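Notes for the one structure printed next.
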Amino acid sequence: MKEKKCQVYFVGAGPGDPELITIKGRKCIEQADLVVRDSSSMTLDQTHALMVETVRGGGTVARVHTGDPSLYGAVREQAILLEREGIPYEIVPGVTAATAAAASARVSFTLPEKVQTLIITRLEGRTPVPEKERLKELSRHNASMALYLSASDPEGIAEGLLAGGYDAKTPVVTAYRVGWPDELILRSRVSTLVETVRTAGIRRQAVFLVLPGQEEEPVSSRLYCPDFLHGFRK
């Protein structure tokens, strides 16, 4: 890790598996004077006060976030408060639930000549979603999709996907508590998603992967074709 230039490190700790943290993230935690995690019972002002107190005392802080700090976290609002105090910080990325789920399910979001786009989104809940980002609108792209924070409404997921144009037979992976000992990977189609989720009793802590093109005849990447020349192969 770099010499201590920053005093606060926002660390992505991965989805649950303690080994799915970067070496840099682990070092930040090991070297920190204060580690802030599992802070759901605290307010923004309370966590900020703890960090400022540590920094003013000459210490460093590891502010640990599950998954990756850039996705559905509260990093920006914390960073703004630190900037106002003149406290330097760094963000250390982590493995997010969508990529961990794809690895566990042994699927790829992108497929040569079939799917080259991944959309990460969520259903509207207590946190609103802009009109142009509603699931029905995003579904018109028919790209691969990862839906976070939506497990309480599988009916809304299926309805939005179908309304936007996904085929009812499109494969869906439901990854519950991915990276944890009780991880559960369920496979369904858009048409059977609701039944699958409700039967399993899943209401939270799940990410949904919508995977068009998975069952079509695969097309091999051009990267390893003998006639595909590039800077590392002449």
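The values are calculated or read from the model by the stated rules, or taken from the named source; none is laboratory data. These numbers come from a predicted model, not from an experiment. Glycine gets a Cβ as well: all are built from the backbone with ideal geometry, and neighbour counts include every protein chain shown. Calculation scope for accessible area: heavy atoms of the full protein, side chains included, ligands and nucleic acids excluded. Shrake-Rupley method; radii C 1.70, N 1.55, O 1.52, S 1.80 Å.
I need the shape label for region 131-226. Rule: rounded when a/c is under 1.5, else prolate if a/b > b/c, else oblate, with a, b, c from the alpha carbon gyration tensor.
It comes out oblate by the Cα gyration axes.
Across the chain, how many lysine pairs, 8 or more positions apart or on different chains, have C-alpha atoms separated by under 30 Å? Please give the number.
Step by step, the pairs that qualify in the chain add up to 12.
Could you work out the local net charge near Lys169, counting Lys and Arg as +1, Asp and Glu as -1, over the other residues with Cβ closer than 12 Å to its Cβ?
The answer is -2.
In deg cm²/dmol, rounded to 500, what helix-only [θ] at 222 nm does the chain give when every DSSP H run of at least 4 residues adds -39500 (n - 2.57) and the total is split over its residues?
Calculated at 222 nm, the ellipticity per residue is -8000 deg cm²/dmol.
In the full protein assembly as shown, how much of Ile157 is accessible to a 1.4 Å probe, in Å² to the nearest 10?
Using a 1.4 Å probe on the heavy atoms, I get roughly 0 Å².
Relative contact order for region 37-189 using alpha-carbon pairs under 8 Å, separation at least 6, rounded to a whole percent?
Once normalised by length, the contact order is 16 percent.
Distance between Cα centroids, region 84-146 to region 27-62: provide it in whole Å.
Distance between centres, Cα-based: 28 Å.
Measuring from label point to label point, each 7 Å out along Cα→Cβ, what is the Met42 to Glu183 span in nm?
2.9
Hey, what's the Kirkwood Rh for the chain if you take every pair of different alpha carbons, in angstrom?
19.8
Scan around Val11 for amide H atoms under 5 Å from its own, H built in the peptide plane at 1.01 Å from N, and keep only partners 5 or more places away or cross-chain.
Arg63, Val64, His65, Val92
How many percent of DSSP beta bridges within region 1-124 run antiparallel, rounded to 5?
15
Probe of 1.4 angstrom, ligands and nucleic acids ignored: what's the accessible area per residue over region 79-234, in square angstrom?
Result: 58 Å² of accessible area for each residue.
Using only the alpha carbons of region 104-173, determine the length spanned along each of the three principal axes and report them from longest to shortest in whole angstroms.
Principal-axis extents of the Cα atoms in region 104-173, largest first: 36, 25, 20 Å.
Please state the charge dipole magnitude for the chain, taken about the Cα centre, from unit charges on C-beta atoms (+1 on K and R, -1 on D and E), reported in debye and rounded to the nearest 20.
Using Cβ point charges on Lys, Arg, Asp and Glu, the chain gives about 380 debye.
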